[in-house]
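Data block below; observations after.
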Amino acid sequence: MKILVINSGSSSLKFQVIDSETEQVLARGVCERIGIDGIFTYKTSTGISIKESVPMQNHTQAVHTLLDTLVDPEKGIMKDFSDIDVIGHRLVHGGEKFSGSVVITDEVIQAMTECNDLAPLHNPANLVGVEACRKLMPNTLMAGVFDTAFNQTMEPKAFLYGLPYWCYEKHKIRRYGFHGISHKYVSQRAAEFMGQDPGRVKTIVCHLGNGASISAVKYGRVIDNSMGFTPLEGLVMGTRCGDVDPGALEYLAKKENLDFQQIMTILNQESGVLGISKNYSSDFRELKDAEIKYNEKAALAREIFAYKVAKYVGSYAAAMNGVDNIVFTAGVGENDSDIRQEICEYLGFLGITIDEVKNRERAEAVRISDGTSRVNVLVIRTNEELEIAREVAAVARKMGKQ
Ligand code: AMP
């Protein structure tokens, strides 16, 4: 089956066409600056590469652009749209309603719209992508894969806050956890790489990118995830604060005369390593360069980040009563060997020892712990698009598609 994977954000839309049998990426690209001007980037497995300005006033025009390119006689990879068997959408928040992938129907769109308040930055943008595809390819099967779904196996002891129970009953205020598509792919790939049965291992996945989260995956099921009701909780991130005492926010609001919206802007966009480094950068590469030049706040930002990751890993090892694999993934986790080294130094008590040469190796999957380490430490490149393609292929097969 040929699967078009769509990851639709507020002003960008990423896409890949994946052959589900060979798992080869036939084409990939991104429509950026939708609604502003429009930049279209596109690459195929046959060596075609394009980056050009294409006016895209809305997501429908973006989907138009990518579809037209996919069937273009010179740049394309298929004869017509009917060559696409299924469209798979990345959907961020499925609330408690969705614990797996689904065929997108009017009812699903309705249920997702009801979840919009839970993820106001992400869900509406996802739905715009869904609607654009429906308009242009009304007869093509569409399936959705939720970023919250893999985390739905968390038990109440992990997902409930210490708030009055009515907050959950009445408003579904609880921890949902995010990055589930990545945590699922990476935890399973780690077991496959190590020749283990995923149903018998305890894995901690550290998805460390601009947004960062950690999950505890026990015998193939998530038992905890560091993100909460929204993707703001947990680790210190690029621009997000992570865990913070709500009492401090009330104090700050009073002292600075700020309303809730202003406080949320600080927490989401002005905090994290960007805020700690006094606005130097949210990019870990730039922070590293600054640290080398004795920028104290940049060094502190990286130090706090690593410390917090180690604290979560330690607590998840306790939550699972042990750990077999610790996996680093996403932009920082895959590329920043110094941060990995720093985090692992805190974890010596788990019997972890790192092979410094392996830690600097770059590969799709690599074990960076040495032969004496009691826990396997791995670096695995995440592949959310492939995970989405796998899941929607399974949904399509259930619907009788071959
Ligand atoms: P992601 O959200 O997974 O795309 O990760 C993006 C982040 O990865 C960027 O903000 C960078 O801070 C970080 N990153 C990417 N490449 C490197 C690298 N070579 N070294 C350190 N950090 C990196």
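The values are calculated or read from the model by the stated rules, or taken from the named source; none is laboratory data. Treat the numbers as computed from the prediction; the structure is a model and nothing was measured. Here the Cβ is made from the backbone with ideal geometry for all residues, glycine too, and neighbour counts use every protein chain on show. Side chains are part of the model used for accessible areas, which takes the heavy atoms of the whole protein and leaves out ligands, DNA and RNA. Shrake-Rupley method; radii C 1.70, N 1.55, O 1.52, S 1.80 Å.
Here are some notes:
- In the condition set (1) touching a residue at least 60 places away in the same chain (Cβ under 8 Å); (2) open to solvent by 50 Å² or more (accessible area, probe 1.4 Å), residue 182 is compliant with all but (2).
- Per the listing 158, 216, the residue uniquely away from the ligand (no atom under 16 Å from the Cβ), in a helix (DSSP H, G or I) and touching a strand residue (DSSP E or B) at 6+ places or on another chain (Cβ under 8 Å) is 158.
- Selection from region 81-128 of residues that are polar (S, T, N, Q) and under 19 Å from the mean Cα position of the chain (by Cα): 99, 101, 116, 123, 126
- Meets criteria (at positive phi and either without any contact (Cβ under 8 Å) to a residue 40 or more places away in the chain or touching a Cys at 6+ places or on another chain (Cβ under 9 Å) (or both)) for residue 272: yes
A quick yes/no check of all residues on (1) away from the ligand (no atom under 15 Å from the Cβ); (2) open to solvent by 50 Å² or more (accessible area, probe 1.4 Å):
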| residue | (1), (2) |
| --- | --- |
| 187 | yes, no |
| 201 | yes, no |
| 229 | yes, yes |
| 236 | no, no |
| 258 | yes, no |
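- Pair list, Cβ < 7 Å and 6+ apart or interchain, from region 319-337 residues that are more than 8 Å from the ligand (Cβ to nearest atom) to residues that are among the acidic types (Asp, Glu): 319/224; 328/334
- Residues being in contact with a Cys (Cβ under 6 Å, 6 or more places away or on another chain) and either open to solvent by 50 Å² or more (accessible area, probe 1.4 Å) or modelled with pLDDT under 95 (or both) - total across region 11-52: 1
- Condition check for residue 135: closer than 22 Å to residue 222 by Cβ, open to solvent by 70 Å² or more (accessible area, probe 1.4 Å) and either outside any loop (DSSP other than H, G, I, E, B) or among the basic types (Lys, Arg) (or both): no
- Checking region 208-223 against the condition returns a match, with at least one residue being crowded, with 16+ Cβ neighbours inside 10 Å and of a type in the set (D, E, K, R).
- Scanning region 289-322 for residues that are modelled with pLDDT of 95 or more, open to solvent by 20 Å² or more (accessible area, probe 1.4 Å) and among the aliphatic types (A, V, I, L, M) turns up 299, 300, 304, 318, 319.
- Taking region 138-155 as the range and being assigned to a loop (DSSP other than H, G, I, E, B) and of a type in the set (S, T, N, Q) as the test, the residues that pass are 139, 140, 148.
- Looking only at residues of region 161-172 that are hydrophobic (A, V, I, L, M, F, W, C) and open to solvent by 50 Å² or more (accessible area, probe 1.4 Å), we find that the one that is nearest to residue 206 (Cα to Cα) is 163.
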